[in-house]
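To start, the structure itself, in structure tokens.
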Amino acid sequence: MRIGIISDTHNNFPLSIEQAFKETDLILHAGDIGSQEILDRLKSITNVQAVCGNTDIYTLSENLPSQITLKVEGMILLMLHNIGSINNFLWRIKKGNFQPLPQIIIYGHTHSPIFQKINNIYFLNPGSAGKPKTGQRATVMILTIKKGQIARHQFIELP
């Protein structure tokens with residue numbers, strides 16, 4: 001399964017997103033979306049799951065959860081917008097705050113692309129697709145999962 005992962009669009013939708021996600025089976029948006037129009041454009045590509053971010057409080061928060069747990073190709077994914085620091089989030093996981101135990105955590109907020117495995121948990125942040133911070137490029141991620149394993153990940157820089 002090919003999953004397009006996106007975050008922090010902030011109501012911007014570069015046309016290159018459609019090209020990047022054209023062959024995906026699912027798109028996951030990790031918050032700070034901006035408007036329903038962004039979700040509708042993503043839904044025109046394929047199925048979409050999304051969580052609200054801290055800037056979505058007046059637009060989408062009534063319709064979107066703050067976090068979701070999905071089982072995809074045998075892997076448990078947890079998606080939320082802001083995890084704080086990875087170390088603090090690992091502590092929350094150790095305390096049993098998340099059941100079932102996620103194997104992949106997808107988040108946004110920092111605008112910095114991350115693919116990191118710590119204590120057998122993958123932490124994925126696609127970066128910002130809409131308003132990257134100074135000096136950074138807009139990015140999204142493609143994640144391929146096969147038979148309960150991450151087969152491939154790729155960051156795509158958006159022009």
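The values are calculated or read from the model by the stated rules, or taken from the named source; none is laboratory data. Please read these numbers as outputs of a predicted model, since none were measured by experiment. Note: ideal-geometry Cβ built from the backbone for every residue, glycine included; neighbour counts use all protein chains shown.
Checked against the criterion of being at pLDDT 95 or above and in contact with a Ser or Thr (Cβ under 9 Å, 6 or more places away or on another chain), the candidates 86, 142 yield just one match: 142.
Please work out which residue is farthest from residue 107 (Cα to Cα), limiting yourself to region 1-15 and to residues that are out of contact with any strand residue (DSSP E or B) (no Cβ under 6 Å at 6 or more places or on another chain) and not charged (D, E, K, R). My answer is 15.
Cβ separations smaller than 8 Å between residues 6+ apart or across chains give the following pairs from region 89-106 residues that are exposed (fewer than 12 other Cβ atoms within 10 Å of the Cβ) to residues that are of a type in the set (S, T, N, Q): 100/69.
Restricting to region 39-70, count the residues that are farther than 20 Å from residue 140 by Cα, modelled with pLDDT of 95 or more and buried (at least 17 other Cβ atoms within 10 Å of the Cβ). Total satisfying the criteria: 1. Listed conditions (1) more than 22 Å from residue 150 (Cβ to Cβ); (2) of a type in the set (Phe, Trp, Tyr); (3) modelled with pLDDT of 95 or more are all met by residue 21, apart from (1). Against the list (1) part of a loop (DSSP other than H, G, I, E, B); (2) touching a residue at least 40 places away in the same chain (Cβ under 8 Å); (3) in contact with a His (Cβ under 6 Å, 6 or more places away or on another chain), the condition residue 111 fails is (3). A search for C-beta distances below 8 Å between a residue of region 34-58 that is in contact (Cβ under 8 Å) with a residue 40 or more places away in the chain and any residue that is surrounded by 20 or more Cβ atoms within 10 Å (Cβ to Cβ) and of a type in the set (Asp, Glu), counting only pairs 6+ apart in sequence or on different chains, returns 34/56; 53/8; 53/32; 54/32; 55/32.
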